[in-house]
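Taking it in order: structure first as structure tokens, then the write-up.
The values are calculated or read from the model by the stated rules, or taken from the named source; none is laboratory data. All of these numbers come straight from a predicted model, not from anything done at the bench. Neighbour counts run over all protein chains shown; Cβ positions are idealised from the backbone, glycine included. Note: accessible area is taken over every heavy atom of the protein model, side chains too, but ligands, DNA and RNA are not part of it. Shrake-Rupley method; radii C 1.70, N 1.55, O 1.52, S 1.80 Å.
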Amino acid sequence: MEVTQVLLNAQSIDGTVRKNAEESLKQFQEQNLPGFLLSLSGELANEEKPVETRKLAGLILKNALDAKEEHRKFELVQRWLSLDGNAKSQIKASLLTTLSSIVSDARSTASQAIAKVAGIELPQKQWPELIGSLLSNVNQQPAHAKQATLETLGYLCEEVPPNVIDQDQVNKILTAVVQGMSASEVNTDVRLAATRALYNAIGFAQANFINDMERDYLMRVVCEATLSPESRIRQAAFECLVSISSTYYEKLAAYIQDIFNITVKAVREDEEPVALQAIEFWSSICDEEVDILEEFGVDFTEDSDITCFYFIKQALPALVPMLLETLLKQEEDQDQDEGAWNIAMAGGTCLGLVARTVGDDIVPFVVPFIEENIQKPDWRQREAATYAFGSILEGPSPEKLIPLVNVALNFMLSALTKDPSSHVKDTTAWALGRIFEFLHGSAVGSTVITQENCQQLVTVLLQSMNDTPNVAEKACGALYFLAQGYEEVGPSSPLTPFFQEIVQSLLTVTHREDAGESRLRTAAYETLNEVVRCSTDETAPLVLQLVPVIMMELHNTLEGQNLSSDGREKQSELQGLLCGCLQVIIQKLGSSEPTKYVLMQFADQVMGLFLRVFACRSATVHEEAMLAIGGLAYATGADFAKYMPEFYRYLEMGLQNFEEYQVCAVTVGVVGDICRALEEKIVPYCDGIMTQLLKNLSSNQLNRSVKPPIFSCFGDIALAVGEYFEKYLMWAMSALQRAAELSTHVAGDDELTEYTNSLRNGILEAYSGIFQGFKSSAKTQLLIPYAPHILQFLDGIYMEKDMDDVVMKTAIGVLGDLADTLGSHAGSLIQQSPSSKDFLNECLSSEDLMIKESAEWAKLAISRAISV
């Protein structure tokens with residue numbers, strides 16, 4: 001097969017030619033993988049071939065080694081590892097040769113492919129000579145080969161975990177990179193590639209950062225690179241500083257003054273991409289200090305392993321003025337562009353982080369700037385002052401902020417309606433939202449909103465919803481937080497008198513011609529949902545009136561025929577918003593008997609609409625409609641059975657949706673809702689559901705985050721069907737046992753610990769449901785053989801000392817369920833268990849009331865079981 005021609009055809013403008021070429025490449029790959037990869041690497045290395053085929057060959061080769069989805073990635077890695085050794089050696093040799101190609105696209109693609117191979121082979125202790133041969137390349141001219149090799153070292157550090165490369169080689173890599181970065185390197189491309197490579201290698205340099213001399217040298221080279229004449233090098237050097245600030249915060253004290261001077265110069269004088277990274281350095285320091293202060297509170301002991309150096313607090317007098325200056329560098333159209341990011345926005349974001357880091361101390365540095373600029377004729381100054389005010393509302397204490405807000409509120413309300421600049425209005429609405437988010441609600445002692453000004457606030461916000469889409473969207477956001485603050489006010493809410501008007505205004509916004517801009521329609525529905533969710537019983541009749549209105553809207557989206565793909569996407573998005581709205585209404589009305597009774601008159605029609613939404617078949621809608629059906633099942637209870645025959649196939653489709661795993665997870669949750677609603681009436685559907693859930697557990701294609709909810713769902717099913725669960729018991733228990741073994745003895749990062757805890761919680765919820773389900777039946781003896789393993793699991797997680805409060809509560813509950821259901825059969829086993837007693841005592845003295853209550857109950861159940 002003439003691979004060059006096929007690769008050219010694969011980029012043809014003619015669709016048929018392109019399709020045929022893609023088809024032949026796919027066939028070649030499936031029938032002869034070694035030959036396929038060899039010819040691609042040969043094409044990439046061949047200087048006589050056209051640039052576009054070389055580039056595409058390298059790209060296809062790289063994609064044959066890696067994929068985003070875990071299971072696909074695993075397959076590709078296994079396929080590469082099982083290739084014939086000679087073929088692999090030839091491919092790797094071709095890739096290394098390409099690094100000295102004169103064509104930059106070919107070099108760059110080869111760099112990425114080499115790193116992908118290294119990511120597979122180095123952890124397997126294969127290709128040990130790679131790093132050595134790259135390092136010898138660096139020391140040889142010509143410059144373009146040097147640049148490509150440094151780029152490869154950078155990608156390699158991105159692909160390979162730090163523990164795979166031994167310190168001796170790390171030192172050599174860092175030496176080569178730092179030499180490439182130094183000011184004596186005349187070639188700009190080499191210096192840039194070296195600086196970018198250092199960025200990826202920072203995680204490997206732990207030993208070097210502990211050593212004072214080596215650290216000083218590294219820091220000097222990075223700081224020098226921030227002064228390079230080439231702006232891309234300056235930007236990459238600041239990116240290195242940002243990474244160093246989060247990786248080696250505790251080593252920065254000696255350099256912080258110099259870094260401050262460099263960043264100030266960059267922020268004031270340099271091009272925007274460089275200035276943005278210089279601000280990012282300080283945002284990163286704020287993140288580090290906020291984390292330390294949140295974790296350890298203010299009580300540092302001398303020997304505590306993590307210290308806060310209070311860099312931000314010390315830099316305040318110089319840092320805040322620099323950040324305030326950036327706020328005046330807005331762009332004309334930044335409010336309309338959703339992805340906008342510029343120096344003013346970065347400065348404001350950093351100012352907000354500074355406020356969270358130092359609290360009250362920031363206020364005196366910002367107030368003079370606000371006072372000086374808030375009434376200036378130039379919109380930039382008014383907007384900057386408003387932005388500064390909104391940015392510092394999270395962090396300082398309400399006592400410090402509320403007097404300021406009381407002075408500012410009327411001024412802001414007037415600016416929101418009367419300021420000639422749309423920028424100023426946009427930022428004012430955003431700042432009002434921040435006031436309501438942080439300084440209003442039951443958690444804040446004194447509030448800025450009174451009976452007197454509430455009406456004025458609502459009037460102004462509703463008026464602003466007629467403004468341009470970006471201002472209207474921010475006004476919706478402010479109203480959202482205003483409503484949220486009244487969530488727990490008791491029987492009567494200050495918003496009750498305006499409820500009808502608020503709902504009407506929000507519905508009007510959703511019909512605006514331009515509601516597709518600035519996320520306006522979405523924001524209006526989110527706010528409507530929040531207003532409904534936080535409403536009180538007084539307005540329940542008005543919420544009921546909303547049901548037919550939203551149903552009609554949903555009905556209208558189902559009428560549109562022959563839509564374009566863009567039209568279909570918009571329709572599907574709107575259906576998602578409307579299903580979400582109905583879900584909130586159903587939950588609200590279903591939570592009290594009188595309104596539930598009236599709601600039920602709409603149940604058949606609502607369910608009919610949801611089923612029609614499913615028939616439109618689109619993933620996003622599925623998720624929202626599925627959630628809404630969960631809410632409906634909860635509200636209708638046993639009567640939901642009549643919808644099952646028609647709904648069941650969609651439930652099954654949701655459980656089979658591995659690709660969009662969030663849909664699968666939501667569906668699993670809805671199975672739980674339906675179990676609670678139908679109880680034993682779910683029995684006819686159990687075979688299908690259990691079979692699919694067990695299949696999901698054994699699949700390696702399903703995202704792992706769906707597995708914990710599946711286990712919880714076993715518990716829901718067992719609780720609903722009682723002893724009927726016997727026919728699934730053996731399968732469910734063996735799946736639980738396998739997972740339980742996997743979830744102890746796990747050492748890993750925070751993310752893994754979090755996942756392990758959610759897995760344990762799912763397993764425990766399953767055990768709990770199964771024990772409670774069998775409790776009053778004649779078949780409890782079926783559970784006796786499983787008790788020792790469950791106790792062993794409880795011992796295991798207790799001994800590991802890394803369970804969170806949620807798991808602790810569920811675990812002590814399971815110990816109680818075990819004793820409660822099995823009685824004397826469990827009593828002796830619990831007495832023999834190494835840690836049950838300690839675990840129980842620890843939970844009894846817990847400060848968490850929920851844990852304590854569960855433990856009291858478990859103690860009672862255990863003492864009954866032991867005394868029998």
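Under the Kirkwood approximation applied to all pairs of distinct alpha-carbon atoms, what is the hydrodynamic radius of segment 5-152 in Å? Kirkwood radius, segment 5-152: 15.8 Å. Return the loop-located GluC sites (Glu not before Pro) in segment 1-40 (DSSP other than H, G, I, E, B) with at most 12 other Cβ atoms within 10 Å of their own Cβ; answer none if there are none. Hits after loop and neighbour filter: E2. Stretching L742 away from T459 to a fully extended chain increases their span by 96.1 nm, per 0.36 nm per residue minus the current alpha-carbon distance. To the nearest 0.05, what FRET efficiency results for E372 and A778 with a Förster distance of 60 Å applied to their C-beta separation? Working from the Cβ atoms, E equals 0.15. Dipole of the chain computed with +1 at Lys/Arg Cβ and -1 at Asp/Glu Cβ about the Cα centre; of M219, A633, N470, farthest Cα towards the positive end is A633.
With unit charges on the beta carbon (Lys/Arg positive, Asp/Glu negative), name the residue among L56, T98, Q112 whose Cα is farthest towards the positive pole of the charge dipole of segment 42-123. Farthest towards the positive pole: Q112. Length gained on full extension, R649 to D333: 108.9 nm, using 0.36 nm per residue less the C-alpha separation.
Bridging of K727 to aspartates and glutamates at a Cα separation below 13 Å is possible for D687, once same-chain residues fewer than 8 apart are set aside. The Cα trace of segment 497-587 gives Rg and Dmax of 13.5, 44 Å, the first to one decimal, the second as a whole number. When only the Cβ of Lys, Arg, Asp and Glu is charged (+1, +1, -1, -1), the dipole of segment 331-454 relative to its Cα centre reaches about 340 debye. Relative to one another, the C-alpha centroids of segment 324-358 and segment 94-167 are positioned 39 Å apart. Only DSSP H runs of four or more residues enter the estimate; each adds -39500 (n - 2.57), and after division by the residues of the chain the mean residue ellipticity at 222 nm equals -24000 deg cm²/dmol.
Projecting label points 7 angstrom from Cα along Cα→Cβ for K265 and A253 puts them 2.6 nm apart.
For the pair V444 and E513, the difference between a 0.36 nm per residue extended length and the Cα-Cα distance amounts to 21.0 nm. Placing a label point 7 Å from the Cα of Q141 along the Cα-to-Cβ direction, no residue of segment 157-184 has its backbone N under 11 Å from that point. What FRET efficiency comes out for E800 versus W341 if R0 is 60 angstrom and r is the Cβ-Cβ distance? Round to the nearest 0.05. Result of the calculation: an efficiency of 0.90. Based on C-alpha pairs under 8 angstrom that are at least 6 apart in sequence, the chain has a relative contact order of 4 percent. Of the accessible area of the chain, computed with a 1.4 Å probe over protein heavy atoms only, carbon and sulfur atoms account for 51 percent. Only one residue of T756, Y249, V532 has its Cα farthest out toward the positive end of the dipole of the chain, where Lys and Arg carry +1 and Asp and Glu -1 on Cβ, and that residue is T756.
Note that segment 509-587 presents 45 Å² accessible area per residue, ligands and nucleic acids not counted, probe 1.4 Å. For the chain, leaving out every one of the trypsin sites (Lys or Arg not before Pro) that falls in a DSSP loop and has at most 11 other Cβ atoms within 10 Å, the longest unbroken run is 126-616. Here r is the Cβ-Cβ distance between V489 and C616 and R0 is 41 Å; the resulting FRET efficiency, rounded to 0.05, is 0.55.
Across all C-alpha atoms in the chain, the radius of gyration and Dmax reach 31.5, 88 Å. A DSSP coil position with no more than 11 other Cβ atoms inside 10 Å describes the following GluC sites (Glu not before Pro) in segment 505-582: E513.
Express the accessible area of segment 131-223 per residue in Å², computed with a 1.4 Å probe while the remaining protein chains stay in the model.
Result: 44 Å² per residue.
Taken over the alpha carbons of segment 196-280 as equal point scatterers, the Debye sum produces base-10 log I(q)/I(0) values at 0.11, 0.21 Å⁻¹ of -0.26, -0.95. About the centre of its Cα atoms, segment 694-819 shows a dipole size close to 560 debye [charges on the beta carbon of Lys, Arg (+1) and Asp, Glu (-1) only; nearest 20 debye].
Mark the label point 7 Å from the Cα of S592 along Cα→Cβ and return the residues of segment 439-478 whose backbone N is within less than 20 Å of it. What the label zone holds, given the 20 Å backbone N cut-off, is 442. To the nearest whole percent, what portion of all C-alpha pairs in segment 432-511 is separated by more than 15 angstrom? Within segment 432-511, distances greater than 15 Å cover 55 percent of Cα pairs. Here the dipole of the chain is about 1840 debye; that uses its Cα centre as origin and unit charges on the Cβ of Lys and Arg (positive) and Asp and Glu (negative).
Please compute one quarter of the surface area of the Cα convex hull for segment 744-867 and express it in square nanometres. Mean projected area of the Cα convex hull: 7.1 nm². Inter-part distance, segment 722-786 to segment 196-269, computed on C-alpha centroids, equals 50 Å. Put one equal scatterer on each alpha carbon of segment 1-68, apply the Debye formula with no solvent term, and list log10 I(q)/I(0) at q = 0.16 1/Å to two decimals. Ignoring solvent entirely, the Cα scatterers give -0.49. Both the radius of gyration and Dmax for segment 379-421 are 11.3, 33 Å, in that order, over alpha-carbon atoms.
Within the same chain, aspartates and glutamates fewer than 8 places from K775 are excluded, and of the rest, those with a Cα less than 12 Å from its Cα are E723, D817, D820. Counting only protein heavy atoms and a 1.4 Å probe, segment 744-867 has 48 square angstrom of accessible area per residue. The alpha-carbon of K73 sits under 28 angstrom from the alpha-carbons of these lysines, leaving out residues fewer than 8 places away in its chain: K19, K26, K55, K62, K88, K92, K116, K125, K695, K707.
For segment 794-813 versus segment 1-39, the spacing of their alpha-carbon centroids is 55 Å.
Sparsely packed loop sites in segment 100-173 (the GluC sites (Glu not before Pro) outside DSSP H, G, I, E and B with at most 15 other Cβ atoms within 10 Å) comprise E129.
Note on T109: accessible area is roughly 10 Å² with a 1.4 Å probe, heavy atoms of protein only.
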